[in-house]
Amino acid sequence: QVQLVESGGGLVQPGGSLRLSCKASGNFFSIYNVGWYRQAPGKQRELVAHITSGGSTNYADSVKGRFTISRDNANNTVYLQMNSLKPDDTAVYYCNTEGRVATQNWGQGTQVTVST
């Protein structure tokens, strides 16, 4: 029932920062666990960061210490703050709930390109 729209991507130099937003519509957003995923050309989609309804977080080893996931339930939004960006971070980034992942529903994502 929840629908999600990603935004905030763009072109950034190595070492730069971006903040991605995931805006949700629908009911019961506050009870959903939400993950940020990314897919680079020629690679499988991977889970980058995850946040539970209670605010507990987990990160892929490749981004731990550089990325921070957070949520603002009052605004139905989940964020991904990305610092110290590397060229290997270049990918399309998606947010999704556990239910949408289970039913293979994905949005358009937002493109992040890290390059000089």
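The values are calculated or read from the model by the stated rules, or taken from the named source; none is laboratory data. None of these values were measured; they are calculated from a predicted model. We place every Cβ from the backbone using ideal geometry, glycine too, and count neighbours over all the protein chains shown. Note: areas computed on protein heavy atoms with side chains; ligands, DNA, RNA excluded. Shrake-Rupley method; radii C 1.70, N 1.55, O 1.52, S 1.80 Å.
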Self-check item: Proximal aspartates and glutamates to Lys23, defined as alpha-carbon separation beneath 15 angstrom and excluding residues fewer than eight positions away on the same chain
Solution: Glu6, Asp72
Quiz item: In whole Å and largest first, what semi-axes does the C-alpha gyration tensor of the stretch 54-116 yield when each eigenvalue is scaled by 5 and square-rooted?
Solution: 21, 16, 12
Quiz item: Considering only the other residues whose Cβ falls under 15 Å of the Cβ of Val34, what net charge follows from Lys and Arg at +1 and Asp and Glu at -1?
Solution: +1
Exercise. For the stretch 1-60, compute Rh as the Kirkwood radius over C-alpha pairs and then the Stokes-Einstein diffusion coefficient at 4 °C and 1.567 mPa s; write the answer in µm²/s, rounded to an integer.
Key: 97
Exercise. Using every pair of alpha-carbon atoms in the chain, split the distances into 10 Å bins beginning at 0 and state the percent of pairs per bin, rounded to integers.
Key: 15, 51, 29, 5, 0
Quiz item: Relative contact order for the chain: what is it in percent, counting Cα pairs under 8 Å that are at least 6 residues apart?
Solution: 36
Exercise. Rank these by accessible area, largest first, 1.4 Å probe: Glu6, Glu46.
Key: Glu46, Glu6
Self-check item: Under the Karplus curve 6.51 cos²θ - 1.76 cosθ + 1.60, θ = phi - 60°, whole-Hz ³J(HN,Hα) for the stretch 74-87, x wherever Gly or Pro sits
Solution: 4, 9, 6, 9, 10, 10, 10, 7, 10, 10, 6, 5, 10, x
